[in-house]
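Take a look at the structure set out below.
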Amino acid sequence: MNNLTAGALRGPGKLALPPLVRARKDETEALVFVHLGRGLCGHDGIVHGGLLATLLDESLARIAISNLPDKVGVTAKLSIDYRAPTRADQVVVIKTQLIEAQGRKSLVSARIEDLDGTLLVEGTATFVQPRYAKLLNTNQVKKVMGEPVNAQTPVHLGDGETLQTR
């Protein structure tokens, strides 16, 4: 599965570290901590708005798709308001929240803030599960989302730490 933030945007001066995600067990809220390097700027020292939109979309997708019946979804609508310039070389937190999940649709919201709590970007999105979702390999989707394919399989968190599920 393709993922910009885990592929092309990963590396020194960009997203040098994997995002740190902390989610509620019921997958209705999550915090995503991301370091933004200088290679992500549109103007010197200011992170490109398109990159912020991508981070917002991928963070919103994580919560939205977790709340869809087959855990497969696409962005149907994304609304973004840029509130303040986002400086490079800092850690930001993306706060996501499920607003509503109904059938094949999820409505989610998010805020990107600096570590002082300054609101930088906020947005909402609607994700839909395509009708063809049942034809897809959902085991691959579950793997990318961090969910074990077999509910009895432990999730390995790194550093030898294991999370038992169900």
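The values are calculated or read from the model by the stated rules, or taken from the named source; none is laboratory data. In this text the structure is predicted, and so the values were computed from the model without any measurement. Using ideal geometry, Cβ is built from the backbone for each residue, glycine included, and neighbour counts are taken over all protein chains shown.
Tabulated data
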read-out	value
Test result for T54, touching a helix residue (DSSP H, G or I) at 6+ places or on another chain (Cβ under 7 Å), surrounded by 14 or more Cβ atoms within 10 Å (Cβ to Cβ) and within 30 Å of L135 (Cα to Cα)	yes
All positions within the range 20-50 that are assigned to a loop (DSSP other than H, G, I, E, B) and over 21 Å from L78 (Cα atoms)	R24, K25, D26, G37, D44, G45
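Residue by residue, here is whether (1) modelled with pLDDT under 95; (2) within 20 Å of T5 (Cβ to Cβ); (3) surrounded by 13 or more Cβ atoms within 10 Å (Cβ to Cβ); (4) not assigned by TED's automatic domain parsing to the domain that holds G37 holds:
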| position | (1), (2), (3), (4) |
| --- | --- |
| S59 | no, yes, yes, no |
| L78 | no, yes, yes, no |
| I94 | no, yes, yes, no |
| I99 | no, no, yes, no |
| V144 | yes, yes, yes, yes |
| A151 | yes, no, no, yes |
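Listed here are the residues, each with its yes/no results for (1) assigned by TED's automatic domain parsing to the domain that holds D116; (2) free of Cβ contacts under 8 Å to residues at least 24 places away in the same chain; (3) closer than 17 Å to V93 by Cα.
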position: R10; (1), (2), (3): yes, yes, no
position: G13; (1), (2), (3): yes, no, no
position: P18; (1), (2), (3): yes, yes, yes
position: T28; (1), (2), (3): yes, no, yes
position: L31; (1), (2), (3): yes, no, yes
position: G37; (1), (2), (3): yes, no, yes
position: C41; (1), (2), (3): yes, no, no
position: D44; (1), (2), (3): yes, yes, no
